[in-house]
Amino acid sequence: MGIVYQEKSEIFQIHTTNTTYMMGVYAGVHLQHLYYGRKLTDPNCAYLFPRKETPAVLHSMKRGGVDFFGTMPFEYPAFGTGDFRGTALTVRSQGGHRICSLAYEGYKITDGKPRIPGLPATFGDNAQTLEVFLREEALNLKVILRYSVFDDSDAILRSTTVVNEGQEKVYLENVLSACIDMPNESYELTTLHGTWARERNMVKRPVMPGKFTVDSVAGRTSHENHPFMMVTSPGATQKQGDAYGINLVYSGNFLAQAELGHLDNLRLTIGVNPEGFEWPLSPGERFDTPEAVLVYSAEGIGSMTRTFHNLYRNHLIRSPYLHRERPILINNWEATYFDFNEEKLVAIAREAKSVGIEMLVMDDGWFGHRNNDESSLGDWFVNPEKLPGGLKQLAERINGEGLKFGIWLEPEMVSPDSELYRKHPDWAIQVPGREITMGRHQYVLDLTRQEVCDYLFDSIASILHSANIEYVKWDMNRSLTDIGSAGLDSVCMGQFYHRYVLGLYSLQERLVQEFPDLLLENCAGGGGRFDPGMLYYSPQIWTSDNMDPIQRLLIQEGTALVYPLSTMGAHVCVANNHCNGRVTPLHTRAHVAMAGTFGYELDITKMSQEERTQCAQFNAKHHQYSHINREGDYYRIASARENGVYDCWQVVGRGQTEFLLTYVQVRFESRSKRLQLRLEGLQADALYRLSGTEQVYSGDALMKAGYPMDMLWGDNNSVLLHFEKLPEEAGKE
Ligand code: GLA
């Protein structure tokens, strides 16, 4: 690790263990991006500078005699003075002009990493931070570009702060977190897309001229798009080629854009979505962007993935459960939907206990008079018809059966049919005089208002203090629309979306401070808000409402491209699956769920004895192996998305002394030879025994020749294998 400023050439070099990021000051004024890639050992890189492209049009000749604004690789491009690509900063002055000309002013290198006020971000002592100061002279704005590195990570963390040091109020219309201008090398672009029950599927296409945008205006990260882009060299694989990943630590409206310019220059930008955004900045005020995470790998996609996983485990997720075994839970949602009572839950708990399940989670429908999704959100008090003894009695009875107890909440919402809405109709997001757009029969509460957040915190805190509740599933089942707030005046309405996210973060911050041992799982109609911002508060997030293991292969492959396995909420469901009717063997459902946090979402009282016996075996296996998934290195061996037949991933435990191999065959195909699955991340000179057998393989052979996988019988079949390293003397003659 090391951040270096070379005074003579005015170049900044940011080094991680394997990568270098470089920028320089051109003509004493313009901060240019020079390089991002493999680590450079030669400090004499001035020849790279300035990166000057052929001008297509002549632009501003002032300020350094620059005639190539349209193609210059800017470190932080601003709108209005001749860069016609997507820019990172647009400022409107009192006069209504949108001109921003950023000039280099200075820099500071410090140990550590400052917090971003009000926003989740990576943290840790073993960091170094570079701040580069730019100034917009006419408006007297200071722009601080921040770059941090940790000594145990190849990631580079970026954020931007704009400070108004002038005399007049300005309006930020766009202020992104990061931009990378790089030469295109026939790159391909991968993004994550989907919908409800099909979140974060990987989609790859060539980088084409023009702009390609993924974004959200839903007020949450969304099921449809994801704040992540990956650019890879042609033909890059898990093990080979260049992979650049960029991710945003944010849970609201975002924009991620890849723009291929007319001279084959590629610009990647990421940040808060400028659509619907406007931030008035009075003299003396500052605006801080969310953090962007940049990862480059010269050794293929797999290594990029592992850098993200380790960064998030070591520097983002704060929960004490991060390194703890999570209780195997059973959730009653698909078992009962709204139709349950205390007796039913206790009956489920009793059966669950007998197979080794450790926690019962009571899902939606326990409060107000909620018997369907049309009422009672906001009325966070028990429905006495379902739970006559209240939460305390229920928790005691569940605890009495030997299980922990958790509950579902949807704090951000209010049903029109609720006491809360009748009392505080103005607390719902709305524009006076307009009918509020309904989503799942509910409105969204205005988290930009302190009194709303205070009410929610007090309600949640009193529930959690009232009984032994050790887990909360925090749901959020609709997007934001009809943006309007009684708490904001009209010039501030463009702040709404971002202020909503800040309100949400402050609420969850208070919650985790007040209940440090609470296991929090975020959720948004399945996986509609699965992002690094939420991981700062909860160590796990519900990945998708779709638990069909075959659909989950795609969802979990896309999710695990960026996020550690330990963050993926995953349960065993019934067959026929409730989202798509697919029938799959119980063991396949379990093997796929074991890649995540593991639990059940079915009525165990209706399972046969044989199935229950199987569940007991899965639970025992999970206890044996969960530390590998939680702490280990993830390798994607094969993808059913690509080959149509089988999916395979491997997780190597710390110290390479054991590993798990999961193989899921989605389609039986007659073929003569076995598969040879080439494994990764093993000690070449070690011997590994397949658990439960006497079969021994060398790490070298497994990685080069592969593990022989016989075709399994039928479709949707799977195996989960565990290998253990033999003591060193075992291999010797
Ligand atoms: C969302 C969640 C589900 C369940 C329901 C309850 O859809 O993703 O798991 O909790 O809400 O209404």
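Computed from the coordinates by the stated procedures, all read-outs in this text should not be read as laboratory data. All values reported here derive from a predicted model rather than from experimental measurement. Cβ coordinates were reconstructed from backbone atoms using ideal geometry, including for glycine residues, and neighbour counts include every protein chain displayed.
Structure notes:
- Binning the alpha carbon pair distances of the range 547-694 at 10 angstrom intervals from zero yields the distribution 10, 39, 36, 14, 1, expressed in whole percent.
- Over the range 623-733, the fraction of Cα-Cα pairs per 5 Å bin, rounded to whole percents and listed from the shortest bin up, is 2, 12, 22, 24, 19, 13, 6, 2, 1.
- Taken about its Cα centre, the range 77-170 carries a charge dipole of roughly 420 debye when the Cβ of each Lys and Arg holds +1 and the Cβ of each Asp and Glu holds -1.
- Volume per residue for the range 675-733 equals 96 cubic angstrom (convex hull of Cα atoms).
- Linear extension gain, S506 paired with E343, 0.36 nm per residue minus alpha-carbon span: 55.0 nm
- Comparing H622, A686, G241 along the charge dipole axis of the chain, the residue lying farthest to the positive side is G241, per the Cβ-charge model.
- Per-pair calculated FRET efficiency, R0 = 60 Å: D517 and E729 via Cβ, rounded to 0.05: 0.85
- Summed residue charge, Cβ within 11 Å of Y321's Cβ, Lys/Arg positive, Asp/Glu negative: 0
- Neighbour-count order for T90, T567, fewest beta carbons within 10 angstrom listed first: T90, T567
- Multiplying each eigenvalue of the alpha-carbon gyration tensor of the range 651-693 by 5 and taking the square root yields semi-axes of 25, 12, 11 Å, largest first, rounded to whole angstroms.
- Whole-number D in µm² s⁻¹ for the range 332-392, Kirkwood Cα-pair radius fed into Stokes-Einstein, 37 °C, 0.692 mPa s: 271 µm²/s
- Projected onto planes of every orientation and averaged, the convex hull of the alpha-carbon atoms in the range 96-181 covers 6.7 nm².
- Cα Rg, Dmax (largest Cα-Cα span) when computed across the range 403-542, Å: 15.0, 52
- Considering all C-alpha pairs of the range 515-621, those separated by over 22 Å amount to 32%.
- A viscosity of 0.692 mPa s and a temperature of 37 °C, combined with the Kirkwood radius over Cα pairs in Stokes-Einstein, give a translational diffusion coefficient for the range 115-245 of 183 µm²/s.
- Within the range 226-325, the GluC sites (Glu not before Pro) that combine a DSSP coil assignment with at most 16 other C-beta atoms in a 10 angstrom radius are E275, E285, E325.
- Extension gain, K704-L690: 0.36 nm per intervening residue step, less the Cα-Cα distance, totals 3.3 nm.
- Global size of the range 477-565 as Cα Rg and Dmax, reported in angstrom: 15.9, 49
- Each 5 Å bin from 0 upward holds the following percent of the Cα-Cα pairs of the range 381-437: 4, 14, 17, 17, 13, 10, 10, 7, 4, 2, 1.
- The Cβ shell under 9 Å around V572 holds other residues with a net charge of 0, Lys and Arg each +1, Asp and Glu each -1.
- For the chain, the Kirkwood hydrodynamic radius comes to 27.1 Å, computed from all pairs of different C-alpha atoms.
- In the chain, helical runs assigned H by DSSP with n ≥ 4 each contribute -39500 (n - 2.57); averaged across all residues and rounded to the nearest 500, the mean residue ellipticity at 222 nm is -6000 deg cm²/dmol.
- Residues whose amide H falls under 5 Å from that of K404, counting only those 5 or more places apart or on a different chain, are M359, L360, with hydrogens built in the peptide plane.
- Coil-residue GluC sites (Glu not before Pro) of the range 326-394, DSSP, other Cβ within 10 Å capped at 16: E374, E385
- Taking other Cβ atoms within 10 Å as a rough exposure proxy, D152, D710 sort from fewest to most as D710, D152.
- Whole-Å distance, taken between Cα centres, linking the range 509-560 and the range 280-353: 4 Å
- Options Y107, H323, Y337, ranked by Cα towards positive dipole end of the chain, top entry (Cβ charges): Y107
- With neighbours defined as other Cβ atoms within 10 Å of a residue's Cβ, the residues D181, D151 order from fewest to most as D151, D181.
- Farthest towards the positive end of the charge dipole of the range 348-494, among the residues W427, V361, A461, is the Cα of V361, using unit charges on the Cβ of Lys, Arg, Asp and Glu.
- Each Lys and Arg Cβ is given +1 and each Asp and Glu Cβ -1; about its Cα centre, the chain then shows a dipole of about 1060 debye.
- Per-residue ³J(HN,Hα) for the range 156-171, Karplus 6.51 cos²θ - 1.76 cosθ + 1.60, θ = phi - 60°, Hz, x for Gly and Pro: 10, 10, 10, 8, 10, 10, 10, 10, 8, 9, x, 9, 10, 6, 10, 10
- Residue pairs, from the table K621/K725; K113/K204; K386/K606; K473/K621; K39/K142; K8/K169, whose Cα atoms sit over 29 Å apart: K113/K204; K39/K142; K8/K169
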